[in-house]
Each structure stands twice: as C-alpha cells, then as structure tokens.
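The values are calculated or read from the model by the stated rules, or taken from the named source; none is laboratory data. Small disclaimer: the values here were computed from a predicted structure and weren't measured. We place every Cβ from the backbone using ideal geometry, glycine too, and count neighbours over all the protein chains shown. Ligands, DNA and RNA are stripped out before the accessible areas are found, and what is left, the full protein with its side chains, is counted by its heavy atoms. Shrake-Rupley method; radii C 1.70, N 1.55, O 1.52, S 1.80 Å.
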Amino acid sequence: MVAVERVESLAKSGIISIPKEYIRPKEELESINDVFLEEKKEDGPQVPTIDLQNIESDDEKIRESCIEELKKASLDWGVMHLINHGIPADLMERVKKAGEEFFSLSVEEKEKYANDQATGKIQGYGSKLANNASGQLEWEDYFFHLAYPEDKRDLSLWPKTPSDYIEATSEYAKCLRLLATKVFKALSIGLGLEPDRLEKEVGGLEELLLQMKINYYPKYPQPELALGVEAHTDVSALTFILHNMVPGLQLFYEGKWVTAKCVPDSIVMHIGDTLEILSNGKYKSILHRGLVNKEKVRISWAVFCEPPKDKIVLKPLPEMVSVESPAKFPPRTFAQHIEHKLFGKEQEELVSEKND
C-alpha cells in the first residue's frame, strides 16, 4: 500500500505556501473569497430554513403547509437547513464530539484505520486523491464507512477511540433513517405520488444505504487559492450534513456562489442526483463546494442515503414524463451513474472518436 501524505500533516508542517497541486485553476480562483465575510452577507439569496415540526401533524392543513414548504425548497434550491427535525441536539453533539476526538488522535493512530482505494477498500481513513474533475487535490482528510442498515455494516472498521463513537454514530444513523422516511414521504406527496413511492424506488428499508463521511478540513495558509471540496452534485438520493459551526458550504444558485449560514441545531439536507433523476429534474441536485480558511478547522458529518449499486435502474418515473416534459435522463444503475459522473466526459469523447 502506497503511503499517502495526509492534508493534516501538511497543514501542521508549518508551510507558508502550498504545493501547486492544491491550487485551483485561474478561472475558479476569481470566485473564492473569505468565507467568514461571505457568511455575514445579508444581501442576495439565502439558503432556505425549513421547519419540520408539523411534517406529520394530525391537522391536514398544517401538515400540507409544511410539506409545501419542503417541496418548494426542493424544487427551487435542492438544499436547505432543517430545524425541528426530531433528532435530539445532545445526540448530534455526541456524534460531533466523537468525530472531533477521532481526528484529534495522532496521524499515526488514525493510519491504523487507513483505507486503500487501489484495492477497493474504500471504508476507513483517507485523503482525497486526484480522481476528481480537475485533477487537482482537495484540502481534505476524511473517515468513511457504511452506517446503516445494521446488518450490512462492519463495526471492525469503525474507530474504537473515542469509546462513544460506535454507540453515538449507530444511534444517530437510526434517527436519520427515520427522518429520511419522513422526508421521502413528503417529497412523494409533493410530486403527487403515493407517500411511500420514492422510498420504494430507492431501495426501501432493506436496501437503502446510509454512508457516513466525516470531512476534516485543516487550517489553510492560503485559503484564497484552494478548495476543501471542489464543485460537485451529490449522487445520493438525500444527503444530511452536520458541521462544527465553521462556515464553508457554498451553493451555486442563479449563477452565483451563495454561502450557507451556520444555523444552530439544524441539519443541512441536499437533494441528490438520484431524486433529481426520479423526479425528471423537478427536484434539484444543486452544485456545491467547500471553502477552507486559515483560522479554524472545519469538520462536517455527511450521511449519504444511496440506493443499492446494481439492483435498481434509475430513470424518470413514468408519472414525471409527458410530451411537454420528456425524460431528461437515460436509464442507469446507481453504479453506472457514478461511473458517468467520474468518467462521463472521457466516455463521451471515446464514443465520438469511435463514430468519427
């Protein structure tokens, strides 16, 4: 296994200028600004905050109003802060504390959990390698593992230190799975479908996978030159994100980068490509990226709700397709969609070369 230089080690080495492979292309640099100033901006569009308190209210009008708000944010933005989502604040704090404690271990200790992308061992401690669109590196280390369903996870890959990591993360994954069901129901109703339709289409209770990725973005000496994570859309059906209240998430909305505010006790939720495909583009999978800074470490806890890789063919639902609104996406398995995202450009070029 080839030793990988961790971003954290680089950050702690005292470098003043960064290696060129982390510097973003010139056209991208024009839009990278100080994230703390960006977060304070009150003008322009703001990521919506959706209150889920009444998502299952017995009062039909109140429930419908809540579902309508969620639907509107999903149609317009595809990302939102969720509040009153039903996950206890103290549990979220335990999850964050456990993740922070893991990343405060020495790099040598964390290396015991190292993944090995080359052999297909993707779960574990890693650093983002240049298999992304630009070929540049991102300023990020991470810890990745399957969190739910319980019968599919491998606890031997989860950190033993801190001692609360397994219990807190397991409990959080269970709560998120319940929240995902509520959201899928509301979004199904929002499209005029049966309440359980979207959840069934992405694998249901048996097959939908919850993948946990803790992203660790160390302080960065030249934040105006790099990104923690480059611009992308999530391949998932839904993504739920906690963070340590250090800003960094930016969304590309109406042609401009908008910085998400830090909303206490909220969970950020993204609509992913999978729901965009099923809804034939009605629900938006928004382009987003992560900024870094030189003052504070940023950590985020992303849980990706993903359909099984090969068992389901993703395509626009028949109800979402009409003469006026033809299918915008070809049928693909989730695995094929990921391949297309990673290598789509090369594949299209190969096809055009073959046809020449």
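Filter segment 120-132 for residues that are exposed (fewer than 13 other Cβ atoms within 10 Å of the Cβ) and among the aliphatic types (A, V, I, L, M); which is modelled with the highest pLDDT?
Leu129
Exactly one residue out of Leu249, Leu287 is open to solvent by 40 Å² or more (accessible area, probe 1.4 Å), of a type in the set (A, V, I, L, M) and either in contact with a Ser or Thr (Cβ under 7 Å, 6 or more places away or on another chain) or more than 30 Å from Glu324 (Cα to Cα) (or both): that is Leu287.
Sort out for me the helices (runs of 4 or more DSSP H) sitting completely within segment 159-227 that have 3 or more residues that are more than 23 Å from Ile87 (Cβ to Cβ).
The qualifying helices (runs of 4 or more DSSP H) are 197-201.
Only residues that are assigned to a loop (DSSP other than H, G, I, E, B), β-branched (Val, Ile, Thr) and either open to solvent by 70 Å² or more (accessible area, probe 1.4 Å) or in contact with a Phe, Trp or Tyr (Cβ under 7 Å, 6 or more places away or on another chain) (or both) were counted across segment 32-72, and they come to 1. Residue count for segment 94-119 satisfying the condition of being over 19 Å from the mean Cα position of the chain (by Cα) and either assigned to a strand (DSSP E or B) or acidic (Asp, Glu) (or both): 6. All conditions in (1) without any contact (Cβ under 8 Å) to a residue 24 or more places away in the chain; (2) touching a Cys at 6+ places or on another chain (Cβ under 8 Å) hold for Gly255, with the sole exception of (2). Taking the criterion of being in contact with a Pro (Cβ under 7 Å, 6 or more places away or on another chain) and either outside any loop (DSSP other than H, G, I, E, B) or under 15 Å from Ala231 (Cβ atoms) (or both), the residues of segment 276-290 that qualify are Ile277, Leu278.
Candidates are the residues of segment 73-91 that are touching a Pro at 6+ places or on another chain (Cβ under 7 Å) and of a type in the set (A, V, I, L, M); the one that is surrounded by the fewest Cβ atoms within 10 Å (Cβ to Cβ) is Ala73.
The residue list Lys41, Lys20, Lys72 contains one member that is touching a residue at least 60 places away in the same chain (Cβ under 8 Å) and of a type in the set (Lys, Arg), which is Lys41. When you scan segment 92-106, do you find a residue that is surrounded by fewer than 14 Cβ atoms within 10 Å (Cβ to Cβ) and touching a residue at least 60 places away in the same chain (Cβ under 8 Å), even just one? So far as segment 92-106 goes, no, none of its residues is surrounded by fewer than 14 Cβ atoms within 10 Å (Cβ to Cβ) and touching a residue at least 60 places away in the same chain (Cβ under 8 Å).
Determine whether Lys294 is open to solvent by 10 Å² or more (accessible area, probe 1.4 Å), under 20 Å from Phe240 (Cα atoms), among the basic types (Lys, Arg) and assigned to a loop (DSSP other than H, G, I, E, B). No; evaluated as a whole, the condition is false for this residue. Here segment 16-47 is the region considered, the condition is being within 16 Å of Phe252 (Cα to Cα) and among the aliphatic types (A, V, I, L, M), and the residue that is nearest to the chain's Cα centre (by Cα) is Val47.
Contact map, segment 153-174: residues that are without any contact (Cβ under 8 Å) to a residue 60 or more places away in the chain paired with residues that are open to solvent by 10 Å² or more (accessible area, probe 1.4 Å) and among the polar types (S, T, N, Q), Cβ distance under 6 Å, separation 6+ or inter-chain. Pairs shown: Leu157/Gln123.
How many residues are aliphatic (A, V, I, L, M) and touching a Pro at 6+ places or on another chain (Cβ under 6 Å) when one looks only at segment 233-275? Matching residues across segment 233-275 total 1.
Condition check ((1) open to solvent by less than 10 Å² (accessible area, probe 1.4 Å); (2) hydrophobic (A, V, I, L, M, F, W, C); (3) over 17 Å from the mean Cα position of the chain (by Cα)) across all residues:
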site: Gly203; (1), (2), (3): no, no, yes
site: Pro223; (1), (2), (3): no, no, yes
site: Leu242; (1), (2), (3): yes, yes, no
site: Ser266; (1), (2), (3): no, no, no
site: Leu278; (1), (2), (3): yes, yes, yes
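Only one entry in Ser74, Ser57 is under 23 Å from Val258 (Cβ atoms) and in contact with a helix residue (DSSP H, G or I) (Cβ under 9 Å, 6 or more places away or on another chain), namely Ser74.
Within this structure, Ile18 fails the test of being surrounded by 14 or more Cβ atoms within 10 Å (Cβ to Cβ), outside any helix (DSSP H, G or I) and at pLDDT 95 or above. Whether a residue is farther than 27 Å from Asn280 by Cα, aliphatic (A, V, I, L, M) and modelled with pLDDT under 90 was assessed, and Ile62 does not pass this test. None of Ile50, Ile83, Ile23 is out of contact with any strand residue (DSSP E or B) (no Cβ under 6 Å at 6 or more places or on another chain) and not small (Gly, Ala, Ser) except Ile23.
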